[in-house]
Amino acid sequence: MSGKSLYTAALVGCGRIGYSLGLDSKREQPASHTRAINENPRIKLVAGCDTDAQTLCTWHKANPSVSVYRDSLDMYSNVHPDIVVVAVNERSHEKEAIEAVVSRPSLVILEKPVALNMAEALKIRDMAQRNAVPVMVNHERRFSRDYVLARKLVGEIGELDSVHGILSSGMAVYNPNEEESGAYSLLHDGTHLVDAVQFLLGEMRPGDAAPQKKSGLMKRALRLSGEKDVTCRPMLENPVLTGLLADEKNCVRHVSAHYSLEACPDVTLTFSGRSRYFGFEIDIRGTEGRICIGNGFFKFYRRRESLLYSGFHSLSREKIQIPERTGYFSNMVQNAVDFLDGKSPLVSSLRTGIEDLAVVEEIKEKIKQKN
């Protein structure tokens, strides 16, 4: 594909992440697949598909020059795009991802999480390997300039002491009645938290766009994802759960999962499903400094001679140039173009997405054992 001037793309799923988030005036734009594709000069949107007639009609009015379909197989029989974006709800990931892969585009962009569970994710992986179709998973913080900067700064805060990732929302952390829909935060947004921690802790070689070593949140993640070349010690095979709180309907409203890494002795993932706000934050503490990053904030501290106590050192907040625009969606689409041009590997691959899902599934299984 190297040297091609224009790539064609088709969108499966013209709803929220596929289209309507691109209309949100409060969000950094582009915030949808449609808008990000339309704003990239190297990609031409040629087709859209959605099973909901009204959703498809609304999308088509905004994109009148493309062909539209109610069924993805019908679309693939009529158009053969270079890129297929799968932006459907979790329960349809397995079906639509496999159908996209079988149509053999040059690249499939799959919304997170990879699938509802590991069994479905491995079916997608096996079909992608059989058809030799690469798959990118849209874990957006890997493409966000602030998280890329935070990843570089991790190397400047000394030996890591602790990492604490926190996801807060009003959605149940785990709801046993929503296994078939995925409507619980551990899966729906928890994969973002797991992936962000994996990304920030992963090691990179100079000039690489993707980590060469895995943070390894668990041995099971590496085993189930088919990883054979393990170049760093993974976390403990099973997380230790604390703070498990369930409501009267047996929905989990709070839990923390604790791990221990060779590179960091204390890694904690906390999920709250009883908050009256949405929060996403990661606190990384080292022997020489601290990084705090999340939705709408970025703080960086270094160890300095204390202004308060003689003979002591304290953390001093440093002024750093924080990107005004993170480019999280546009950078993802550009990475797809660069990959097809042969210039860059995929920053967020199917393998890393499956590893994230394996971590989430392990936490869920531990919850079931204790709840």
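The values are calculated or read from the model by the stated rules, or taken from the named source; none is laboratory data. This is a predicted model, so every value here is computed, not measured. As a convention, Cβ positions derive from the backbone with ideal geometry for all residues, glycine included, and neighbour counts pool all protein chains shown. Ligands, DNA and RNA are excluded from the accessible area calculation, which covers all protein heavy atoms including side chains. Shrake-Rupley method; radii C 1.70, N 1.55, O 1.52, S 1.80 Å.
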Between GLN129 and VAL240, what is the spin-label point distance in nm, taking each point 7 Å from the Cα along the Cα→C-beta axis? 3.5 nm
Could you state the number of Å between the C-alpha centres of segment 1-56 and segment 87-115? 15 Å
Compute from the Cα atoms of segment 14-117 the Rg and the Dmax, the latter being the longest Cα-Cα distance, and quote both in angstrom. 13.1, 38
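In segment 302-342, what percent of the accessible surface is made up of carbon and sulfur (1.4 Å probe, ligands and nucleic acids excluded)?
Ligands and nucleic acids excluded, carbon and sulfur reach 47 percent.
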Counting DSSP beta bridges in the chain, what percent are antiparallel, to the nearest 5? 60 percent
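Give me D for the chain in µm² s⁻¹, whole number, from Stokes-Einstein with Rh from the Kirkwood sum over alpha-carbon pairs, 4 °C and 1.567 mPa s. Could the numbers behind the result be given before it?
Details: Rh = 21.5 Å.
Rounded, D is 60 µm²/s.
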How much length would be gained if the chain were fully extended between ALA53 and LYS95, taking 0.36 nm per residue of separation minus their Cα-Cα distance, in nm to one decimal? 13.2 nm
Suppose every Lys and Arg Cβ carries +1 and every Asp and Glu Cβ carries -1, with no other charges. What dipole size does segment 310-371 come out with about its Cα centre, to the nearest 20 debye? 280 debye
Measuring from centroid to centroid over Cα atoms, what is the spacing of segment 330-371 and segment 269-317 in Å? 26 Å
Probe of 1.4 angstrom, ligands and nucleic acids ignored: what's the accessible area per residue over the chain, in square angstrom? 46 Å²
By the gyration tensor of its Cα atoms, with a ≥ b ≥ c the square roots of the eigenvalues, what is the shape of segment 273-371: rounded for a/c under 1.5, prolate for a/b over b/c, or oblate? oblate
Between TYR309 and ASP74, what is the spin-label point distance in nm, taking each point 7 Å from the Cα along the Cα→C-beta axis? 7.1 nm
Under the 7 Å Cα-to-Cβ spin-label approximation, ARG317 and THR287 lie apart by a distance in nanometres of 2.7 nm
Only bridges whose two residues both fall in segment 69-175 count here: according to DSSP, what percent of them are antiparallel, nearest 5? 0 percent
